[in-house]
1. Count the net charge of all other residues whose Cβ sits under 10 Å from the Cβ of Leu283, scoring Lys and Arg as +1 and Asp and Glu as -1.
2. How compact and how long is region 289-434, expressed as Rg and Dmax of its alpha-carbon atoms in Å?
3. Okay, helix-only estimate at 222 nm for the chain: each DSSP H run of n ≥ 4 adds -39500 (n - 2.57), divide by all residues, round to 500 deg cm²/dmol; what do you get?
4. For Cα pairs less than 8 Å apart in space and 6+ apart in sequence, what is the mean separation divided by the residue count of the chain, i.e. the relative contact order in percent?
5. Residue by residue through region 216-229, what is 3J(HN,Hα) from phi via Karplus (6.51 cos²θ - 1.76 cosθ + 1.60, θ = phi - 60°)? Round to whole Hz and write x for glycine and proline.
6. With a sphere of radius 10 Å drawn around the Cβ of Arg345, what net charge do the other residues whose Cβ falls strictly inside it have (Lys, Arg +1; Asp, Glu -1)?
7. In whole angstrom, and with the biggest value first, how far do the Cα coordinates of the chain range along each principal axis?
8. For Ile248, what residues show an amide H to amide H distance below 5 Å, using hydrogens built from the backbone and excluding near sequence neighbours?
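Any read-out appearing in this document is the output of simple, stated calculations on the displayed coordinates, not a laboratory observation. Note that this is a predicted model, so its numbers are computed, not measured. Backbone-built Cβ (ideal geometry, glycine too); neighbour counts: all protein chains shown.
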Amino acid sequence: MLIAGERVEGSGHSIDVVNPATEEVVAAVKSASESEVDAAVEAARRAFKTWKKTPAPERGEMLHALSDWIGEHTESLAEILTREGGKPLVENRDEMGWSASCLDFYAEMGRIERGRIVPSGEAGQLNLVVKEPHGVVAAIVPWNYPILLLMWKLAPALAAGNTVVVKPSPYTPLSTLELAEGMADIFPPGVVNVVPGAADTGRALVANPGVALIAFTGSVDTGKQVAHAAADRLAKVHLELGGKDAFIVCDDVDVALAARGAAWAAYLNSGQVCTSAERFYVLPQVYDDFVDAFVDQASGIVVGDPMHESTDMGPLVRAVQREAVEAQLSSARAAGARVVFGGERPSDTGFFLTPAVLVDVDDSMDVMSKETFGPVAPIAKVSSLEEAIRRTNDSPYGLGANVYTQRLDYMLTAMEEIEAGTVWFNDPLTDNEAAPFGGFKSSGSGRELGVEGLDDFRQTKHIHIDSKLDAKAWWYPYAEYVRHQAEFGTAPG
Ligand code: NAD
């Protein structure tokens with residue numbers, strides 16, 4: 001744990017951190033008890049008094065320092081992430097690069113503006129819109145990108161002048177605890193606190209009245225619980241939730257290239273990305289060729305030890321995650337789908353599953369309608385782009401969507417009609433920290449990254465200044481006010 005600048009062990013229950021590739025326990029982490037969560041929030045409240053007044057350039061310097069620290073510790077952090085989460089080392093190194101870049105972006109963004117001036121309604125007046133921090137932010141994150149998704153909250157929250165209490169996932173606390181070593185040396189005590197633990201620790205944090213804003217990334221079900229608990233005390237919530245991203249392949253594409261991009265979008269991090277492509281809608285002219293090319297891609301994927309540089313896909317994070325994916329595969333099979341490749345356990349040890357390709361699927365199947373979060377690509381033939389878009393939108397989710405085409409008319413139709421927070425054309429899953437990320441519909445509320453991602457960690461205050469000390473005509477007595485209106489026909493101004 002990290003509370004008020006002190007690195008201490010929690011006194012709550014112990015959590016085994018399991019290497020998903022070997023099923024070995026790599027560490028046991030003591031979770032934060034309820035009273036330790038309260039102490040962390042109290043430390044953050046105390047630190048807020050000074051941090052919110054710390055000049056933005058100084059806050060920016062510290063965010064840059066954390067970025068540098070991550071840069072210097074990329075290899076060790078990536079190895080820890082691989083051991084606790086199973087994501088290939090290559091991908092975890094990328095996660096460190098993106099995390100550092102997010103910190104650098106908000107280090108500068110936080111210095112640019114903190115509001116605007118609105119033209120006033122009267123001479124001699126000034127109307128200011130001032131952006132202020134909320135106070136203590138609870139940052140609750142999942143296991144699939146433990147450091148990156150934390151940075152998407154931590155960097156803008158700190159740049160805006162908030163202080164933070166972080167709760168990592170119980171599957172992947174080690175990388176965040178390692179990061180806490182760097183944060184403890186960079187930030188003043190209490191500005192960032194870390195409380196490891198499972199759902200009980202998260203619930204204690206959400207319920208703490210000292211937390212002003214809960215920034216949560218995770219599943220829709222947990223997001224609903226967080227929103228309910230926050231509603232009890234009208235705490236602000238920021239939700240980044242699950243998805244069921246569609247991937248549309250149009251009839252004008254280079255099929256081999258589209259299949260290569262599609263396979264990466266489906267199987268990156270074993271399909272455990274919130275914006276993994278989880279259902280494919282392919283126009284009839286290219287459908288057969290696309291399925292063949294996709295199977296070629298899937299069969300070339302190297303599944304194995306995520307520590308090896310040449311491994312493309314590691315295990316799923318836990319046995320229970322793999323079982324949930326397998327359950328979707330079997331129910332799809334029972335309903336008539338054909339698995340044309342993969343979907344098998346390649347070894348007795350580790351939570352591995354080979355990349356699966358399904359055809360003869362329809363949207364009534366769970367594999368086409370519910371979040372899978374595993375390496376499964378169900379491919380459906382559609383008659384037109386319009387049908388593909390209709391089926392894309394016929395979902396409670398709206399996180400992201402991909403379209404492969406170079407036809408401008410297709411692009412314009414898709415960008416206008418698709419109901420999703422991000423629509424990628426020909427470059428799946430590429431984020432840009434200067435552009436916002438978040439979900440439509442059940443996929444969340446609020447945005448991370450970009451200007452929007454800073455604004456979501458600030459609240460808005462209107463300042464109305466009248467430099468003159470004069471009596472206003474619309475004050476009491478109204479008899480005078482009415483006389484004035486009768487004489488001039490308007491309210492006095
Ligand atoms: P999860 O919802 O199970 O857990 C997320 C976090 O919430 C964990 O730290 C967990 O310990 C904590 N938690 C659990 N119950 C809680 C409660 N009642 N109160 C407070 N905290 C609680 O999600 P997960 O399995 O860790 O992650 C996978 C999910 O996250 C998927 O649905 C995925 O789509 C989603 N996700 C979304 C985004 C996004 O940006 N939209 C990014 C990554 C992952």
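1. The answer is -2.
2. 16.5, 50
3. -13000 deg cm²/dmol
4. Over the chain, the number comes to 18 percent.
5. Rounded to whole hertz, the list is 10, 10, x, 7, 4, 4, 5, x, 5, 4, 4, 5, 4, 5.
6. Here the count lands on -2.
7. Principal extents (largest minus smallest coordinate, Cα): 84, 58, 38 Å.
8. Tyr281, Asn402, Val403, Tyr404
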